[in-house]
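Following: one structure in structure tokens, then a few remarks.
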Amino acid sequence: ASVGGKNGVNYGGYKNLVGTFNQPEFVICDHQLLKTLPEKEVLCGLAEVVKHALIKEPALLVFLEQNSAGILDLEQAAIERLVSDSVEIKSAIVSRDETEKGERRLLNFGHTFGHAIEKVNSMTHGEAVSLGMVMASALSVRKGLLTAQEDQRLRNLLKRLQLPSNFASNPQNILDAITKDKKRA
């Protein structure tokens, strides 16, 4: 979040309905900090890395697929690659579209569905984004914009990274929450 400079406040039980943009003067990335976090928080961060790979960097996607064990073990070289690539991807996008009028919308992949899932199912942000990407992928398959094989590739990667790829919920509750998401367009 620090790389993008977007600051949001939840309102009325919904994610980031009020917010502003304020770019940081600098960002410190201490990879060792990850080793102090609960495993669930590390996994949540991986959902955002998967998103970055899917929207902009096929080589990062292959790296995630081929190195999932090392990534889950927080091997230094693997984590340095993930953090470096993610910062580069996000900062490049943000520098071209700071206020989310065009290209920056790519960073919302999985988030409209994800925020609704997070609200309805009381999940962490990363878990919900993981499921939101699955829902967006499935919708893309139905619209003919993505192949079933590409959809399955995403699901397989999420499973390898111990992120959720399916869940049970009341669809109407999800739809109701989506109508209040500011990124629903």
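The values are calculated or read from the model by the stated rules, or taken from the named source; none is laboratory data. None of these values were measured; they are calculated from a predicted model. Cβ atoms come from the backbone with ideal geometry, glycine included; neighbour counts cover every protein chain shown. Accessible surface areas use protein heavy atoms only, side chains included; no ligands, DNA or RNA. Shrake-Rupley method; radii C 1.70, N 1.55, O 1.52, S 1.80 Å.
Things worth noting here:
- Heavy-atom accessible area per residue - the chain, 1.4 Å, Å²: 55
- Calculated [222 nm] ellipticity per residue, helices only, for the chain: -17500 deg cm²/dmol; basis is -39500 (n - 2.57) per DSSP H run with n ≥ 4, divided by all residues, nearest 500.
- Based on C-alpha pairs under 8 angstrom that are at least 6 apart in sequence, the chain has a relative contact order of 23 percent.
- Using θ = phi - 60° and Karplus 6.51 cos²θ - 1.76 cosθ + 1.60, couplings along segment 43-52 (whole Hz; Gly, Pro as x): 4, 4, x, 5, 4, 5, 5, 4, 4, 4
- With every protein chain in place, segment 1-76: carbon and sulfur % of accessible area (1.4 Å): 54
- Stokes-Einstein D (µm²/s) once Rh is taken as the Kirkwood radius of the chain over alpha-carbon pairs, at 37 °C in 0.692 mPa s: 193
- A simple spin-label model places the labels of residue 62 and residue 26 3.6 nm from each other, with each point 7 Å out along Cα-to-Cβ.
- Label positions at residue 166 and residue 152, each projected 7 Å from the Cα along the C-beta direction, are separated by 1.4 nm.
- Accessible area per residue was computed with a 1.4 Å probe on protein heavy atoms; residue 180 scores about 100 Å².
- Point-to-point label distance, residue 17-residue 179, nm (Cα→Cβ direction, 7 Å offset): 1.4
- Where 105, 81 fall by accessible area, highest first, once all protein chains stay in place (1.4 Å): 105, 81
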